[in-house]
Amino acid sequence: MGQAVFLVTSLAGLRKTTFRNKVTALVSEGEDVTVLFAMVRFDEFEQAQRQLAITFKHHELGNHLHVQSLADLVKTSTGVALTPAETFNQDFLAFEQKTFDDAEFGGTVDRYVKDGEIFGEVIKDTDGIPLKMTQFDHNEIVQSAIFEKGQLIGLMNFEQGHLSQSLLLNSQGELVYRFIRHMRTVNWLYSMGKTSKLNFSNQVPDEDSPNNRVVYRASEKKPFYEVVDHVSYHRLGDLYEFYAMVLRSFDQSGCQLFVDLDDNPDLVTHMPQQLIFNY
């Protein structure tokens, strides 16, 4: 019996028809398939689990489909204690509580209010177990604590409403990996024949385009993540170097690796000798 690992880095990847078809085909051939949720927004693990259930609702996958998250991989890893400044502050639980039904997860949302302002929020599942706790300051997210089956697995810190760092914790609540969000400028260029039906209505063609070509140029700010290993204190240059390290931790003897086609160009530079399949 063979094995296959699917690296999932986004909820969009889970919705791809190619993902569903490849997983179904491998399971039907008797392969054991592991789907690894590797998003740095740890609150997407729960959403991914629900999306996976919807995707394969009408498929008989039996015991051949297994799900893991990054949190599962580091449960027994060595970590370091969080600093007092990084520890999640639950003081808002003493404030007035307002409870609402949660349409997304079917549980409840508790909001904690003082002087007309929301200071905290707790999302719970149908059994009343916390999935996510969030601290606010002047109506902006400051920090979120993410839970799996009631166990704290990670923290997410925010600046001006945007994720700035994600802290992945082991089962003892110790810090194992830190994901630091940075921004960089990405330049892109599209060159096509003048008879092409494709055009960018929101872009102005380059005035220096060759006579027989139409060229569009643009640049945009895009996020990338630096990763710090708090066990060895090795700094990984980007998220894909981290993903490559994770994939190598799986048994490689006959194990097939599948990655999102969108991730392939960045990942293969860190695994140049490894056969990788796309979905």
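The values are calculated or read from the model by the stated rules, or taken from the named source; none is laboratory data. Note that the structure is a prediction, hence the values are computed from the model and not measured. When we count neighbours, we look across all protein chains shown, and the Cβ atoms used for this are built from the backbone with ideal geometry, even at glycine. Protein only, heavy atoms only, side chains kept; ligands, DNA and RNA dropped before computing areas. Shrake-Rupley method; radii C 1.70, N 1.55, O 1.52, S 1.80 Å.
Rounded to the nearest 0.05, what FRET efficiency is calculated for Leu275 and Thr76 with R0 set to 25 Å and r the Cβ-Cβ distance?
0.30
Note down the nm distance, to one decimal, between modelled labels 7 Å out along Cα→Cβ at Thr34 and at Ile129.
Between Thr34 and Ile129, the simple spin-label model gives 2.2 nm.
Starting from 0 in steps of 10 Å, tell me what percent of the Cα-Cα pairs of the chain lands in each bin.
6, 23, 29, 24, 14, 5, 1
Could you report the accessible area of Ser232 in Å², rounded to 10, computed with a 1.4 Å probe on the protein chains as they sit in the structure?
Roll a 1.4 Å probe over it and Ser232 shows about 80 Å².
Taking H placed 1.01 Å from N in the peptide plane, check which residues at least 5 places from Val142 or on another chain put their amide H under 5 Å from its amide H.
Residues meeting the criterion, in which the H sits 1.01 Å from N, are Gln135, Phe136, Asp137.
Shape call for region 80-169 from the C-alpha gyration tensor, a ≥ b ≥ c root eigenvalues: rounded (a/c under 1.5), prolate (a/b greater than b/c) or oblate?
Taking the square roots of the gyration eigenvalues as a ≥ b ≥ c, region 80-169 is oblate.
How much length is gained on full extension from Phe100 to His234, taking 0.36 nm per residue of separation minus their Cα-Cα distance?
Taking 0.36 nm per residue and subtracting the Cα distance, the gain is 43.9 nm.
Quick one: pull the percent of accessible area on region 80-169 belonging to carbon and sulfur, 1.4 Å probe, ligands and nucleic acids left out.
48
Give the accessible area for Tyr112 in Å² (nearest 10); use a 1.4 Å probe, count only protein heavy atoms, and leave out ligands, DNA and RNA.
10
What is the local net charge at Glu140, summed over the other residues whose Cβ is closer than 14 Å to its Cβ (Lys, Arg +1; Asp, Glu -1)?
Summing Lys and Arg as +1 and Asp and Glu as -1 gives -4.
Working from Cα positions, state the angle (0 to 90°, nearest 10) between the long axis of helix 44-55 and the longest principal axis of the chain.
Approximately 60 degrees, to the nearest 10.
Based on the mean of other beta carbon atoms within 10 Å per residue, what is the order of 235-244, 101-110, 119-128, most packed first?
Going from most to least packed, we get 235-244, 119-128, 101-110.
In a shell of Cβ-Cβ distance under 14 Å around His64, excluding His64 itself, what net charge do Lys and Arg (+1) and Asp and Glu (-1) give?
Around His64, the surrounding residues sum to -3.
What is the local net charge at Phe42, summed over the other residues whose Cβ is closer than 13 Å to its Cβ (Lys, Arg +1; Asp, Glu -1)?
Residues close to Phe42 contribute a combined charge of -2.
Can you tell me the 0 to 90 degree angle between the C-alpha axis of helix 239-248 and the longest principal axis of the chain, rounded to 10?
With rounding to tens, the tilt is 90 degrees.
Tell me the accessible surface of Val40 in square angstrom (1.4 angstrom probe, heavy atoms of protein chains only), to the nearest ten.
10
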